[in-house]
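These notes concern the structure reproduced below.
None of the figures in this text is laboratory data; all of them are computed from the coordinates on show. From a predicted model like this one, the values you see are computed outputs, not experimental measurements. For neighbour counting, all protein chains shown are included, and Cβ atoms are generated from backbone atoms with ideal geometry for every residue, glycine included.
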Amino acid sequence: MRENGPVSLAAPNTDHGLIQVAAIVTMIIDHVGAVFFPRLTFLRVIGRIAFPLFCWGIAVGAARTRNFTRYALRLLALGIIAQPFYMLALNHTWNQLNVLATLLLGLLAIRGMQVRRYGSFVWAPAICLLVATAVTMDYGWQGVLLIILMYLARHTRGGLAALMVSFCLLWGTGSFAVFRGVSLNTGFLMLDQAINSHISRISLQFLAILALPLMMVRTDSGIRLPKWLSYAAYPGHLLILWLIKLLVRV
């Protein structure tokens, strides 16, 4: 995940493999919690890490891709493939689009900012934000806006950190669900109650800030996921969750 030319030491982390793995793993944990353990708050807390990492991947990927059309079509195709499984696994409907719609709109907004034709740096992001407002999708216009702002702040750690802190604070004071005390009869009771006791006044989405260290600390893990695996992760894990739901009849 690198743009052409030397990378500044002040730049945020662009270790694509590590960020991709972290995003996929935390996404799966989040969805496992949503489907099978909705009362286990700490699973949803871990899951807040995923979306900012996917947004960061789009922001940096848009700056380095050599074939924007292929990149956009890939997101579109994966979103279409994933939609039925998204509905079945997470109990959504056809008029509720999965997160790939949000990522695609963020990518299109960035492209308009890059080409700068006929004022596209203004109207392209505006149109994408309006679409995300008019159509129900995961994270909605807030998610599209986060991708746009990440693209603008991608060159410095300080800029990205300031963006994430301010954005998550605003996100956390919105109309998102607020944690309440949870009564559980599981082996995770003490852990979950401890988490709730510390964040009982914080919106769930504020905890997207937990993704920030992975974007700040520069790493060189050398991780390279096979392309087929990175493409299949989103629709594939939803399909598996749905099949398990059928077996256990959640």
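Label-to-label distance for Leu88 and Val115 is 3.7 nm, based on points extended 7 Å past Cα in the beta-carbon direction.
Put in order of Cβ neighbour count within 10 Å, fewest first, the listed residues Ile29, Ile240 become Ile240, Ile29. Sorting 213-221, 139-147, 80-88, 50-58 by their mean Cβ neighbour count within 10 Å, with the most densely packed peptide first, gives 50-58, 139-147, 80-88, 213-221. What is the spin-label model distance, in nm, from Ile223 to Ala162 if the labels are put 7 Å beyond Cα along the C-beta direction? Simple spin-label model gives 3.0 nm for this pair. Counted by Cβ distance under 14 Å from Leu90, the other residues give a net charge of 0, where Lys and Arg count +1 and Asp and Glu count -1.
For Gln96 and Thr65, the FRET efficiency from 1/(1 + (r/R0)^6), where r spans their Cβ atoms and R0 equals 30 Å, is about 0.60.
For a Förster distance of 22 Å, can you work out the FRET efficiency between the beta-carbons of Phe36 and Ala232, rounded to the nearest 0.05? Efficiency, rounded to the nearest 0.05: 0.55. Projecting the Cα positions of Ala77, Thr26, Val99 onto the charge dipole of the stretch 13-99 (unit charges on Cβ atoms of Lys, Arg, Asp and Glu, taken about the Cα centre) puts Ala77 furthest along the positive direction.
For the stretch 226-240, backbone phi angles converted through the Karplus equation (6.51, -1.76, 1.60; θ = phi - 60°) give residue-by-residue couplings of x, 4, 4, 6, 5, 6, 7, 4, 5, x, x, 5, 5, 4, 5 Hz, Gly and Pro being listed as x. Near Gly47: Cβ cut-off under 13 Å, other residues only, Lys/Arg at +1 and Asp/Glu at -1. The net charge is 0.
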